[in-house]
1. Around Trp2, with a cut-off of 11 angstrom between Cβ atoms, what is the net charge of the other residues, counting Lys and Arg +1 and Asp and Glu -1?
2. Can you check what the Kirkwood hydrodynamic radius comes to for region 1-93, Cα pairs only, in Å to one decimal?
3. Ignoring ligands, DNA and RNA, please state the percent of accessible area on the chain from carbon and sulfur, probe 1.4 Å.
4. Do any chymotrypsin sites (Phe, Trp or Tyr not before Pro) in region 173-223 lie in a DSSP loop with no more than 15 other beta carbon atoms within 10 Å, and if so, which?
5. Taking 20 Å as the cut-off for C-alpha to C-alpha distance, list the pairs among Lys21/Lys44; Lys80/Lys150; Lys21/Lys150 that go past it.
6. For region 129-195, compute Rg over Rh where Rg is the Cα radius of gyration and Rh is the Kirkwood radius from the inverse mean 1/r over Cα pairs.
7. Quote the relative contact order of region 6-150 in percent (integer), defining contacts as alpha-carbon pairs under 8 Å separated by 6+ residues.
8. In 10 Å bins starting at zero, report the fraction of Cα pairs in region 41-93 per bin as a rounded %.
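The values are calculated or read from the model by the stated rules, or taken from the named source; none is laboratory data. None of these values were measured; they are calculated from a predicted model. In this analysis, Cβ positions are derived from the backbone assuming ideal geometry, glycine residues included, and neighbour counts consider all displayed protein chains. Ligands, DNA and RNA are stripped out before the accessible areas are found, and what is left, the full protein with its side chains, is counted by its heavy atoms. Shrake-Rupley method; radii C 1.70, N 1.55, O 1.52, S 1.80 Å.
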Amino acid sequence: TWDSRVIRGATVDDIDPEAIKYFLRKGIDKGRLPKESVDDSVEKVLKNLEVMTDDDELTLAALLLFGKNPQHYCLNARIKIGRFGHSQAALMNQDLIDGDLIRMADRVMEALDAKYLIRPIHYEGMQRREPMELPEEGLREILYNLEIHKDYNGPDSLIRVFDDRITFWNQGSLPAGITPESIFRPHDSQPRNRLIANAFYMAGFVEAWGRGYELITEAFTKEGLDVPTIE
């Protein structure tokens, strides 16, 4: 697959150790990785994920997932967020989120929380609650799909925030046999970028059963919100 391409000249010095530590913490917390893996070397982690060859060559997936400068190897491995007024012509502010893919969803969620979404206040008894106006679990599942299934030969992924809706877009057609209607029903997992998808699975971000859109549906309906539409 596209993300398994070996990048000549790239070395382990191009990998950010903090991104590796983050991956290990997440995987251990979710039970996908053994606790003793916390002490694994960068090389061992990369080889276990099959993003580093036996000859110590790095794949594109390794550099996008954990690299110090992933956009040097793929400029469009980024997510652009825009806040719009009454129409798509009325751009009010924007952010461009880059860096390694393994921590990309965290950075996007931080930006959405700080600048784009609100936290309505309500009380449950005497307890003050300020949940995000859209369910974080559902948003993260959408973001993981955005990264795993993107055609990285295309432009940046886009998040457009309006007063009444939020839209997520990336380049890449649906897998063969999957339609906008059937994607909400059980189906085989067919990630476009298999090495990236596997790393996300081992980190505990996603399942490997094609249940992503079921989880999105559950997260939104639990909050009394409409199920997102797919076009």
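1. Details: positive: Arg5, Lys150, Arg192, Arg194; negative: Asp3, Asp151.
Net local charge, Trp2 excluded: +2.
2. Working: mean 1/r = 0.0666 Å⁻¹.
Kirkwood hydrodynamic radius for region 1-93: 15.0 Å.
3. Working: 5980 of 12600 Å².
Of the solvent-accessible surface of the chain, carbon and sulfur hold 48 percent.
4. Answer in residue order: Trp209.
5. Numbers: Lys21/Lys44 12 Å; Lys80/Lys150 14 Å; Lys21/Lys150 25 Å.
Long pairs (Cα-Cα over 20 Å): Lys21/Lys150.
6. On the way: Rg = 13.7 Å, Rh = 13.8 Å.
My calculation puts Rg/Rh at 1.00.
7. Numbers: 164 pairs, mean separation 24.9, N = 145.
In percent, rounded to a whole number, it is 17.
8. The calculated distribution, bin by bin, is 22, 32, 19, 14, 12, 1.
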